[in-house]
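Just below is one structure, and these are the notes that go with it.
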Amino acid sequence: PPPPGGGGGGGGGGGVRRATSAPPDLGTIEGVLAEAVSRGAPLFNQGDAQGCASAYRRAARDCLALSPSNPTQVARLEAGLREAEASVSPNDAAWALRRMIDDVLAAERGERQTRGARAVITDAIAAGVPLFNAGDHAGCYNTYKHCVEALLSRLSQGTDGMKPAVAATIRADLETALREAESATSAGMDARAWQLRRAMDATQEQLDRSAGALQVKLSIFDFEKEAQAWTEVSDRVMGGASSATMTVHEGVASFAGELRVENNGGFASVRSPNLGRALPECMGIVITCQGDGNRYKVQCRTHGSSDGLVYQADFVPDPSRFSTVAIPFQKFNPTFRGSVVPNAVALTGPTIRSFGLITSKLTDVGHKNPEFKAGAFSLRVKKIETY
């Protein structure tokens, strides 16, 4: 993507591009953000990342002050501000805010239409999960409802690039899910949000299966058939007090324990034994699991050392039932002791030597986890496979 001072993504460019345009309407989200880019871009290009981030941060807050009616846009703005707050440098903060600006502008200008149904769902989940984990179940529900309505609107105009049979099935399933969620007034907003989330996940899976993306190639760990010993590696190695175990009972592995923050702690993890075999060329991994509302990370190591480079990716599994979570390799971030390693070689199936599961106060890119909660946690896993 372009740097925070560059153009692209519907975000506009620096002051030169705006010189021949009409002044932006500061009474609209698009106008506020476009004006911020015209001020912030030159600052970033001159080396003032702090000034650029400040301009973008003020603009995001000004947009929230406009009281947007679209809850997804509100969630995008708030998520961008949180990510910037958790950033370790002004440069990272400017990047986080510019990505948010481009995303919001693209939605405001209707450019999201070109990105396909997958992007609509991915964006809604990215916006809805923090709301749900923060206790705003109604906000999460409204975000997911807007997503489902947007998908149905797209499908009412055609197949949206899908195979006709797949489009018809998805449309019928989404209509049913929305109707049932809207009529379930006696249920809690959390249950109604999960009802729509499951429909969105099912849509993603149907799209992937129709494209051949989720054709399982190899079972890596099948806890219904075998139990392997995973090793605990928690913050006690650095003086913390968190704990974790990985036990298997009746075909289900349970990664469970307690997160504690004493002595600067805040992570608990387990690691698999070395695979002892090379995985095939594949697109990513699929985890069949049930969560508890917490954010988890799956980790991959390409070496036999207990330290060194670790590839990791966040996921938040459904707490109400077992479901499949597909994580493509391009989502894995190369890290060393929690910090992203730039220019690292991309992760591939044949390079993986071992796996790990972790819950932590840091995200997969080393920022503060806004949903982090100290206390007990539990992730139940049936299978880990390649696809």
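For the chain, relative contact order (Cα pairs under 8 Å, six or more residues apart, normalised by length) works out to 14 percent.
Averaged over its residues, the chain has an accessible area of 45 Å² per residue, based on protein heavy atoms and a 1.4 Å probe. Summing charges over all other residues whose Cβ lies under 10 Å from the Cβ of Gly338, with Lys and Arg as +1 and Asp and Glu as -1, gives +1. Across the options Gln157, Val261, Ser219, the greatest Cα extent toward the positive end of the charge dipole of the chain (unit charges at beta carbon of Lys, Arg, Asp, Glu) belongs to Ser219. Farthest towards the positive end of the charge dipole of the chain, among the residues Ala93, Val120, Leu77, is the Cα of Ala93, using unit charges on the Cβ of Lys, Arg, Asp and Glu.
Note on the chain: Kirkwood radius taken over Cα pairs, Stokes-Einstein applied at 25 °C and 0.890 mPa s, translational D equal to 110 µm² s⁻¹.
For the options Val325, Val261, Val345, a Gaussian network treatment of the chain with springs between C-alpha atoms closer than 10 Å singles out Val345 as fluctuating the most.
What full-extension length gain, to one decimal in nm, is calculated for Ser89 and Arg61 as 0.36 nm per residue of separation minus the Cα-Cα distance?
Working: separation 28, 0.36 × 28 = 10.08 nm, distance 2.00 nm.
Length gained, Ser89 through Arg61: 8.1 nm.
How would you classify the range 291-387 from its alpha-carbon gyration tensor, with a ≥ b ≥ c the square roots of the eigenvalues: rounded for a/c under 1.5, else prolate if a/b is greater than b/c, otherwise oblate? It comes out oblate by the Cα gyration axes. Rounded to the nearest 20, the Cβ-based charge dipole of the chain about its Cα centre (Lys and Arg +1, Asp and Glu -1) stands at 480 debye. Just checking the listed ones, Gly276, Gly135, Gly349: in the Gaussian network model of the chain with Cα springs under 10 Å, the one fluctuating most is Gly276.
What's the extension gain from Thr122 to Lys331 if we count 0.36 nm per residue and subtract their Cα-Cα distance?
Values: separation 209, 0.36 × 209 = 75.24 nm, distance 1.24 nm.
Full-extension gain reported as 74.0 nm.
I want the local charge near Ala138. Using Cβ-Cβ distances under 12 Å, sum +1 for each Lys or Arg and -1 for each Asp or Glu among the other residues.
Working: positive: Lys145, Arg192; negative: Asp136, Asp190.
It works out to a net charge of 0.
Computed in the context of the full set of protein chains, the accessible area of the chain at 1.4 Å probe radius has 52% of its extent on carbon or sulfur.
For the range 232-362, compute the orientation-averaged projected area of the C-alpha convex hull (one quarter of its surface), in nm². Mind dumping the intermediate values first?
Details: hull surface 32.9 nm².
Dividing the Cα hull surface by four gives the mean projection, 8.2 nm².
Applying 1/(1 + (r/R0)^6) with R0 = 41 Å to the Cβ-Cβ distance of Ala344 and Lys163, what FRET efficiency is obtained, to the nearest 0.05?
Numbers: r = 37 Å, r/R0 = 0.90.
Plugging the Cβ-Cβ distance into 1/(1 + (r/R0)^6) gives 0.65.
Treating r as the C-beta distance of Glu180 and Gln46 and R0 as 56 Å, the FRET efficiency rounds to 0.55.
With the simple spin-label model, which puts each label point 7 Å out from Cα in the Cβ direction, the Ser254 to Glu205 separation comes to 2.4 nm. Kirkwood-based Rg over Rh for the range 30-103 (C-alpha set), two decimals? My calculation puts Rg/Rh at 0.95.
The values are calculated or read from the model by the stated rules, or taken from the named source; none is laboratory data. These numbers come from a predicted model, not from an experiment. Here the Cβ is made from the backbone with ideal geometry for all residues, glycine too, and neighbour counts use every protein chain on show. Keep in mind that these areas ignore ligands, DNA and RNA; they rest on the heavy atoms of the full protein, side chains included. Shrake-Rupley method; radii C 1.70, N 1.55, O 1.52, S 1.80 Å.
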